[in-house]
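The values are calculated or read from the model by the stated rules, or taken from the named source; none is laboratory data. For clarity, every value in this text was computed on a predicted model and none was experimentally measured. Neighbour counts run over all protein chains shown; Cβ positions are idealised from the backbone, glycine included. For accessibility, only protein heavy atoms count, side chains too; no ligands or nucleic acids. Shrake-Rupley method; radii C 1.70, N 1.55, O 1.52, S 1.80 Å.
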Amino acid sequence: QVQLVESGGGLVQAGDSLRLSCAASGFAFNSYKMGWFRQAPGKEREFVAAITQSGGTRNYADSVNGRFFIDRDNAKNLVTLDMSGLKAEDTAIYYCAARFFGSRYEADGYDYWGRGTQVTVSS
């Protein structure tokens with residue numbers, strides 16, 4: 001069955017860096033565009049970053065642009081999110097997601113989701 005399993009979350013201090021990973025299985029990973037979303041307590045799930053099938057196009061939310069970097073390794077069915085200059089407002093559960101046709105910026109556009117990994121940034 002389809003699985004997206006996130007890892008790499010944790011408790012860090014403001015200014016630190018962290019790498020999130022998402023291992024995919026059970027679907028044609030190479031054919032899907034991938035994204036990261038996050039959800040903070042009491043807030044809606046929001047777009048963070050997206051990458052196309054070949055990695056040729058990357059998109060970021062304004063709030064993370066220049067600090068986060070999304071990448072993928074199609075040989076390993078893996079997508080990563082490198083986060084640097086972390087801020088307290090980056091605290092959230094981070095979700096990996098896969099989409100085939102939908103909007104890259106909207107959660108509704110994604111077909112498969114992981115269960116998330118918690119990132120907590122202390123200030």
Worksheet item: Roughly to the nearest percent, how much of the accessible area of the chain is carbon and sulfur, given a 1.4 Å probe?
Response: 45
Worksheet entry | Accessible area per residue in Å² at 1.4 Å probe, computed on the range 1-49 | 52
Worksheet entry | Separation between Cα centres of the range 85-115 and the range 18-32, rounded to whole Å | 13
Worksheet entry | Most mobile of 53, 39, 13 in a GNM of the chain (Cα contacts under 10 Å) | 13
Fill in: Neighbour cut-off at most 16 other Cβ (10 Å), DSSP loop, trypsin sites (Lys or Arg not before Pro), the range 32-75
43, 67
Discussion item. Students often forget the sequence filter, so: which lysines lie under 21 Å Cα-Cα from residue 43 once same-chain residues fewer than 8 apart are removed?
Written reply: 87
Worksheet item: Applying the Karplus parametrisation 6.51 cos²θ - 1.76 cosθ + 1.60 with θ = phi - 60° to the phi angles of the range 5-20, what ³J(HN,Hα) value in whole Hz is obtained for each residue in order, glycine and proline being reported as x?
Response: 10, 8, 8, x, x, x, 9, 9, 9, 4, x, 6, 10, 8, 10, 9
Worksheet entry | Calculated FRET value between residue 69 and residue 106, using beta carbons and R₀ = 22 Å, to 0.05 | 0.50
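Given just the C-alpha atoms of the chain, how large is their convex hull per residue in cubic angstrom? Walk me through the intermediate numbers first.
Values: hull volume 11.3 nm³, N = 123.
So the per-residue Cα hull volume is 92 Å³.
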Worksheet, complete the sentence: Any lysines whose Cα falls less than 17 Å from that of residue 33, other than same-chain ones fewer than 8 residues away, would be 76
Practice prompt. For the range 61-123, report the convex hull volume of the alpha-carbon atoms normalised per residue, in Å³, without decimals.
Written response: 105
